[in-house]
Protein chains: 4
Amino acid sequence: MTDTPPPRPPADPAFRERVTTSFAKQGLMETLGASLSAVEPGAVTIALVPGAAVTQQHGFVHAGAVSAIADSAAGYSALTLMPPGAGVLTVEFKINLLAPAAGDRIVARGRVVKAGRTLTLAQADVFAEANGAERLVAVLSATMMTIEGREGVAD
Amino acid sequence: MTDTPPPRPPADPAFRERVTTSFAKQGLMETLGASLSAVEPGAVTIALVPGAAVTQQHGFVHAGAVSAIADSAAGYSALTLMPPGAGVLTVEFKINLLAPAAGDRIVARGRVVKAGRTLTLAQADVFAEANGAERLVAVLSATMMTIEGREGVAD
Amino acid sequence: MTDTPPPRPPADPAFRERVTTSFAKQGLMETLGASLSAVEPGAVTIALVPGAAVTQQHGFVHAGAVSAIADSAAGYSALTLMPPGAGVLTVEFKINLLAPAAGDRIVARGRVVKAGRTLTLAQADVFAEANGAERLVAVLSATMMTIEGREGVAD
Amino acid sequence: MTDTPPPRPPADPAFRERVTTSFAKQGLMETLGASLSAVEPGAVTIALVPGAAVTQQHGFVHAGAVSAIADSAAGYSALTLMPPGAGVLTVEFKINLLAPAAGDRIVARGRVVKAGRTLTLAQADVFAEANGAERLVAVLSATMMTIEGREGVAD
């Protein structure tokens with residue numbers, strides 16, 4: 001979206017370590033075999049290798065697994081721009097599934113569209129890589145909330 | 001929604017076995033430790049026990065895991081009303097997360113709002129059970145598609 | 001949704017007048033010929049009479065007009081439970097359009113699903129009345145925000 | 001979204017006239033004072049001048065009016081790629097409202113993300129123009145359906 005202004009600079013110089021440490025605490029990401037591929041200010045990428053552990057009934061990657069990495073990619077994109085000590089929670093997201101998710105790797109690229117004081121809009125595009133090409137399989141838009149001063153909810 | 005007309009009768013008398021068999025093929029459900037609690041015409045319930053394997057960074061059940069069981073509950077609700085041989089795919093869903101998902105058990109109750117020939121709208125309410133009480137933690141609305149005559153996409 | 005706890009009592013005893021006065025300021029509602037049918041704590045109904053002024057290209061009521069009354073019904077449902085002086089703004093909504101909106105009257109019934117301090121989830125069901133019967137034509141789910149202390153944003 | 005492949009070429013060489021003629025039948029667009037700004041294959045822009053006829057209670061452009069032009073922009077983007085004789089209907093959309101819609105002009109830029117045989121995903125970004133600058137105020141994602149052979153539903 002070339003018309004969108006660039007995201008504001010990160011509020012926390014330690015954004016990369018912060019996302020990495022938080023990601024390591026997401027038990028679900030380990031369970032799904034997902035990994036953090038890139039962490040930039042306002043943009044985070046998470047990837048998943050399809051396998052029997054994440055399928056739906058036809059053998060494709062389950063919409064829930066696609067949603068999980070897309071939601072995490074969007075949420076961590078938002079977190080990179082939040083003040084130190086704040087935590088991120090997903091308020092809502094919508095995902096459109098455009099094609100069956102299958103191939104060598106499923107990659108969710110999250111980015112901040114608009115960062116506000118309380119709410120941030122982030123989107124993620126999800127691609128399936130197969131035979132060296134990639135295909136858009138899903139798009140997600142999410143409202144993320146900055147949580148401050150709530151015990152147990154940091155990063 | 002008392003104003004909604006009741007869902008039409010199931011097209012397939014074997015709807016219960018059909019859902020059970022299809023659910024068993026969803027590798028993700030086994031990975032998440034989710035189980036099928038109830039299968040009725042136009043209504044399916046799926047439950048999950050919170051644990052380290054499904055958490056996000058603050059220790060709550062990850063929005064992706066909540067979405068996974070809510071999407072499956074909604075999708076199988078739709079499948080109960082589809083003609084024999086047809087398959088169900090999720091076109092899109094939106095989920096609002098109302099409270100952290102934590103407790104003894106997370107239960108997603110799906111139901112068909114309107115079943116059409118090609119598209120079905122299904123919703124799911126997700127509850128967290130703790131200390132004998134339950135609390136609404138998420139609501140999902142999804143568009144499901146009836147797929148006919150595509151190889152590999154049945155049930 | 002019989003499992004949903006009842007909405008909390010209204011914070012403002014003057015909720016009915018408050019909604020009525022605010023509704024009268026919505027120029028769009030007058031433009032669309034929409035009217036306020038019912039205002040209860042956590043539940044507001046808005047109706048519209050189909051006509052040439054609100055159509056899309058096939059002669060049905062435009063999805064934008066359906067959305068407008070559904071969004072207002074959901075937003076005012078939320079407002080009935082907000083503290084005096086607070087204003088309501090829509091953060092996001094999703095609408096599924098189930099059948100062409102046509103008939104004698106289009107009625108959007110909004111209700112609060114969960115009222116929080118900052119964010120409220122509200123839903124609206126939209127019905128088309130024709131020949132004495134009504135048919136569900138759309139369902140909307142919306143995140144509403146309580147705005148306090150911002151000049152010009154009350155009610 | 002630089003990763004998205006370009007939309008397929010339009011199926012109907014008369015796409016521009018088709019959209020223009022259909023738009024002229026949308027009574028709601030005339031009622032809102034909206035106009036068609038650009039029609040390209042897979043991309044349509046619609047604009048609105050804010051005024052008392054389209055406000056919500058705080059004087060901003062109503063979310064319903066923003067949604068109406070965004071939905072039409074998305075839907076007509078999809079229509080440019082549909083076969084002659086087919087009609088377009090909105091299945092669902094979600095809109096995130098990022099900032100109050102106010103200014104000299106509100107512009108909704110729709111584009112096709114993926115065109116399928118039955119369903120098309122289209123998005124629209126909505127900008128508010130004021131003092132020569134523009135600001136992103138809303139983003140919409142919509143599922144559009146190609147309708148063939150249904151009387152009264154063409155274009």
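The values are calculated or read from the model by the stated rules, or taken from the named source; none is laboratory data. These numbers were taken from a predicted model, which means no experiment stands behind them. Glycine gets a Cβ as well: all are built from the backbone with ideal geometry, and neighbour counts include every protein chain shown. All accessible areas refer to the heavy atoms of the entire protein, side chains included, with ligands and DNA or RNA removed. Shrake-Rupley method; radii C 1.70, N 1.55, O 1.52, S 1.80 Å.
Sorted from nearest, the other copies put their C:E17 label points 5.9, 6.0, 6.7 nm away, the label point being 7 Å from Cα in the direction of Cβ. When all alpha carbon pairs of chain D are counted in 5 Å bins from zero, the resulting P(r) reads 2, 10, 20, 23, 19, 13, 8, 4, 1, 0 %. Given a Förster distance of 22 Å, report the FRET efficiency between A:A52 and B:E17 from their Cβ-Cβ distance, rounded to the nearest 0.05. My answer for the efficiency is 0.45. Close amide H partners of C:V137, meaning residues 5 or more places away or on another chain with modelled amide H under 5 Å apart, are C:V126, C:F127, C:A128. Rounded to the nearest 10 degrees, the angle from helix B:15-24 to the longest Cα principal axis of chain B is 50 degrees. Under a 5 Å amide H cut-off, with hydrogens placed 1.01 Å from N, A:A101 pairs with A:V61 among residues at least 5 apart or on other chains. Between this copy and the others, label points of B:A102 are 4.0, 4.0, 5.3 nm apart in ascending order, each placed 7 angstrom from Cα in the Cβ direction. Chain B and chain A together bury an accessible surface of about 2900 square angstrom, both sides counted, with a 1.4 Å probe and no ligands or nucleic acids included. Placing a label point 7 Å from Cα along the Cα-to-Cβ axis, B:E151 is separated from the same position in the other copies by 4.0, 6.0, 6.9 nm, shortest listed first. Distant-in-sequence amide contacts of B:V113, defined by a placed amide H-H separation under 5 Å and a gap of 5 or more residues or a different chain, comprise B:L121, B:A122, B:Q123. Using a cut-off of 27 Å between Cα atoms, the listed pairs A:K94/C:K114; A:K94/B:K114; B:K25/C:K114; A:K114/C:K25; A:K25/B:K94 include B:K25/C:K114; A:K114/C:K25 as exceeding that distance. The two copies B and C are related by a rotation, and the chain B beta carbon nearest its axis, with distance in whole angstrom, is B:K94, 2.
The phi torsions of segment C:99-104, fed into the Karplus equation with coefficients 6.51, -1.76 and 1.60 and a -60° offset, translate into couplings of 7, x, 8, 7, x, 7 Hz, rounded to whole numbers, with Gly and Pro shown as x. Per-residue 3J(HN,Hα) values for segment B:45-55, derived from phi via the Karplus relation 6.51 cos²θ - 1.76 cosθ + 1.60 with θ = phi - 60°, read 10, 10, 10, 9, 9, x, x, 4, 6, 10, 7 Hz in sequence order (x marks Gly and Pro). Dipole magnitude for chain A: computed about the Cα centre from +1 point charges on Lys and Arg Cβ and -1 point charges on Asp and Glu Cβ, it is near 180 debye. Values of log10 I(q)/I(0) for the protein assembly as shown across q = 0.08, 0.09 Å⁻¹ run -0.51, -0.66, by the Debye formula with one identical scatterer at each alpha carbon and no solvent. Couplings 3J(HN,Hα) of segment B:26-31, computed from phi: 7, x, 4, 5, 5, 4 Hz, in residue order, whole Hz [Karplus 6.51 cos²θ - 1.76 cosθ + 1.60, θ = phi - 60°; x for Gly and Pro].
Helix C:63-79 and the longest principal axis of the Cα set of chain C meet at an angle near 20°. Normalising the average separation of contacting C-alpha pairs (under 8 angstrom, six or more residues apart) by the number of residues puts the relative contact order of segment B:29-155 at 27 percent. Comparing Cα centroids, segment B:46-60 and segment A:95-155 end up 20 angstrom apart. Semi-axes of the equivalent ellipsoid for segment A:33-83, computed as √(5λ) from the eigenvalues of its C-alpha gyration tensor and ordered from largest down, come to 25, 10, 6 Å.
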